[in-house]
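These notes are about the structure you will find just below.
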Amino acid sequence: MNKNLQIVRYGINGEGIALLNNKIVFVPFALKDETVDAQIIKENKSYFTAKLNNVIKESDNREIPICPYYYDCGGSNMQHIKYDEQLKIKKDIVKNNLVKFANCHFLVNDVIKSDKQFYYRNHVSFHVNDKGQLGFYKENSNDFVTIKKCFLADETINKCIDIFNSYFFDNQIHGYNKITKQGIIKLVDLKFVDNKLLVTIVSTQLNLNNIDHLFVRLNLLKIKYGVYVSLNKSNNFLIYGEKLKHIYGIKQIETCEENINSFISCYSFLQINNYIKSKIYNDISKNVEGDIVVDLYSGRGVLASMLSKMAKKIYAIEIIKDACIDAENILKLNNIQNVNILCGDVKNLLPRIEEKIDCIIIDPPRKGASIDVLLDIIKVKPKKIIYLSCASNTLARDLKILLNENYYKIKFIQPYDMFPNTSNIETLVVLEKNENKY
Ligand SMILES: C[S@@+](CC[C@H](N)C(=O)[O-])C[C@H]1O[C@@H](n2cnc3c(N)ncnc32)[C@H](O)[C@@H]1O
């Protein structure tokens with residue numbers, strides 16, 4: 001069924017929203033104030049989903065996407081929108097989530113821009129198809145899109161696409177197929193920082209045909225690099241395998257972040273946009289206070305190391321062992337003695353800290369923090385809670401708990417454009433204790 005629709009606002013993923021028969025219609029790739037011709041492809045109790053056929057009246061905020069795979073690959077969903085409008089939409093997404101999930105109407109600051117809107121990603125995990133070609137699965141589907149270039153990824157990461165395609169093709173190496181269980185390669189994970197490349201090939205077998213042919217090709221990049229194979233025989237696509245084998249070159253990326261000499265290894269988390277990461281870490285450091293600071297979900301401990309001069313003692317809690325090893329090495333390398341790395345689940349380790357905690361930083365994965373962790377934070381009663389989030393819906397859900405009973409009040413809410421041309425947003429919220437309540 002084709003319909004002419006008037007787009008009245010944006011949804012939480014930046015898609016256009018129209019109204020039809022008292023129901024809302026989600027129209028991906030349509031902009032507010034546009035009139036579009038769209039085909040209704042799904043009807044639910046309270047909404048329709050439509051596919052954009054044609055824009056009849058175009059918004060001034062429409063942009064021509066530079067990526068030829070844009071409408072197929074699903075890796076980005078805002079390239080058709082001018083950058084300033086993207087930022088406005090993202091600010092509204094944060095605002096709307098806060099109202100919807102936390103009944104919070106606090107002022108949200110304008111989104112801080114990224115200096116780069118393309119080629120900003122320093123870390124990409126490519127899937128591999130039956131023919132050994134790199135690409136991505138369309139979101140929530142088994143449709144594979146092969147790509148020659150990703151416009152969000154760093155240029156060197158892009159050069160690796162051809163290198164891997166030709167190595168896999170020449171050596172008859174195929175991607176693992178979840179349904180047929182044929183093929184061996186699950187992911188090619190590439191981290192590129194400071195002109196150094198760390199490659200993790202996730203595979204159902206440790207030995208790959210003629211692996212030296214890959215090194216010959218990677219040598220042409222004329223950069224320092226290292227290659228690992230992560231053995232993953234189970235029916236998932238996780239980078240963490242049963243065994244991690246170093247097969248060539250550097251073992252980690254050695255770099256310097258925020259004046260801290262640091263390491264990045266295969267399994268440790270990397271904030272994907274260096275410029276925005278620096279801005280956020282600096283904003284966090286301006287807001288940290290007190291003698292005892294706890295950094296929850298601390299990754300490689302770079303932030304904790306950076307904050308070491310500002311507090312008497314810092315505890316950093318992280319579950320991934322390799323990230324904790326990176327963190328210990330970073331502390332040694334920088335001669336930092338007042339940061340304690342606790343390796344394990346935040347849920348178990350936070351309650352074991354006996355000292356009076358002044359400030360808690362929390363930077364959980366997209367799913368947010370567990371209720372146990374949030375209740376423990378409230379029990380600890382730090383003067384400040386600094387919450388960094390990459391998903392404003394779970395941020396809002398967690399804030400509802402932290403703001404309950406008015407023990408805490410919001411100092412500011414600052415979104416950052418960590419992921420330009422996508423609807424993802426990084427948000428920093430600083431909470432202060434309501435002294436008269438505790
Ligand atoms: C968004 S990253 C933040 C990393 C770090 N703050 C940084 O800036 O690089 C989330 C981190 O939480 C860790 N993590 C996930 N679940 C955890 C848990 N239950 N307990 C401790 N750490 C966890 C992940 O391994 C990851 O390093």
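The values are calculated or read from the model by the stated rules, or taken from the named source; none is laboratory data. A quick note: this is a predicted structure, and the numbers were derived from the prediction, not measured. Quick reminder, even Gly has a Cβ in these numbers, built from the backbone with ideal geometry, and neighbours come from all protein chains shown. Heavy atoms of the whole protein, side chains included, go into the accessibility calculation; ligands, DNA and RNA do not. Shrake-Rupley method; radii C 1.70, N 1.55, O 1.52, S 1.80 Å.
So in segment 290-438, what percent of DSSP beta bridges are antiparallel if you round to the nearest 5?
On the way: 14 of 32 bridges.
Expressed as a percentage, antiparallel bridges in segment 290-438 total about 45.
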For this session: Any aspartates and glutamates with Cα under 17 Å of the LYS384 Cα? List them, leaving off those in the same chain fewer than 8 positions away.
Result: ASP283, GLU289, ASP291, ASP295, GLU355, ASP358, ASP363, ASP376, ASP398, GLU405, GLU432, GLU435
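When the helices in the chain are scored as -39500 (n - 2.57) per DSSP H run of 4 or longer and the sum is shared across all residues, what 222 nm value do you end up with, to the nearest 500 deg cm²/dmol?
Result for the chain: -7500 deg cm²/dmol, rounded to the nearest 500.
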For this session: Distance between Cα centroids, segment 361-437 to segment 64-84: provide it in whole Å.
Result: 30
Exercise. Share of segment 69-180's accessible area from carbon and sulfur, percent, 1.4 Å?
Worked result: 49
Problem set entry | Dipole magnitude of segment 123-256, debye to nearest 20 (Cβ charges: Lys/Arg +1, Asp/Glu -1, about Cα centre) | 180
Exercise. Which residue, chosen from ASN287, ILE112, ILE17, occupies the Cα position most advanced towards the positive end of the dipole of the chain, where the dipole is computed from +1 (Lys, Arg) and -1 (Asp, Glu) charges on Cβ about the Cα centre?
Worked result: ILE17
Problem set entry | Residues of the chain: accessible area per residue with a 1.4 Å probe, Å² | 46
Exercise. Put +1 on the Cβ of each Lys and Arg and -1 on the Cβ of each Asp and Glu in the chain; which of PHE29, PHE168, ASN96 then has its Cα farthest toward the positive end of the dipole?
Worked result: ASN96
Exercise. In the chain, which cysteines lack any other cysteine Cβ under 4.7 Å from their own?
Worked result: CYS67, CYS73, CYS104, CYS150, CYS160, CYS256, CYS266, CYS359, CYS390
Exercise. Using +1 on the beta carbon of Lys and Arg, -1 on that of Asp and Glu, and nothing else charged, what's the dipole of the chain about the Cα centre, debye to 20?
Worked result: 500
Exercise. Percent antiparallel among DSSP beta bridges with both residues in segment 1-128, to the nearest 5?
Worked result: 90
Seminar exercise, completed: Within the chain, the percent of DSSP beta bridges that are antiparallel, given to the nearest 5, stands at 65
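Ignoring any ligand, DNA or RNA, what whole percent of the accessible area of segment 340-438 comes from carbon and sulfur when the probe is 1.4 angstrom?
Looking at segment 340-438 in its full context, I get 47 percent from C and S.
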Problem set entry | Net charge of Cβ neighbours under 11 Å - reference ILE264; Lys, Arg +1; Asp, Glu -1 | -1
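Can you give the charge dipole size of segment 178-325 about its Cα centre, rounded to the nearest 20 debye, using +1 on the beta carbon of Lys and Arg and -1 on the beta carbon of Asp and Glu?
With only Lys, Arg, Asp and Glu charged at Cβ, the dipole is about 460 debye.
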Seminar exercise, completed: XL table LYS148/LYS243; LYS3/LYS32; LYS309/LYS400; LYS148/LYS224; LYS321/LYS433; LYS3/LYS45; Cα-Cα > 25 Å flagged, in table order, is LYS148/LYS243; LYS309/LYS400; LYS321/LYS433
For this session: Pick out which of GLU355, GLU85, GLU289 has the largest mean-square fluctuation in a Gaussian network model of the chain, springs linking Cα atoms closer than 10 Å.
Result: GLU355
Problem set entry | Neighbourhood net charge (10 Å Cβ-Cβ; Lys/Arg +1, Asp/Glu -1) for PHE106 | +3
Seminar exercise, completed: Checked segment 2-62 with the C-alpha gyration tensor, a ≥ b ≥ c its square-rooted eigenvalues, rounded below a/c of 1.5, otherwise prolate if a/b is larger than b/c and oblate if not; verdict prolate
Exercise. By the gyration tensor of its Cα atoms, with a ≥ b ≥ c the square roots of the eigenvalues, what is the shape of the chain: rounded for a/c under 1.5, prolate for a/b over b/c, or oblate?
Worked result: oblate
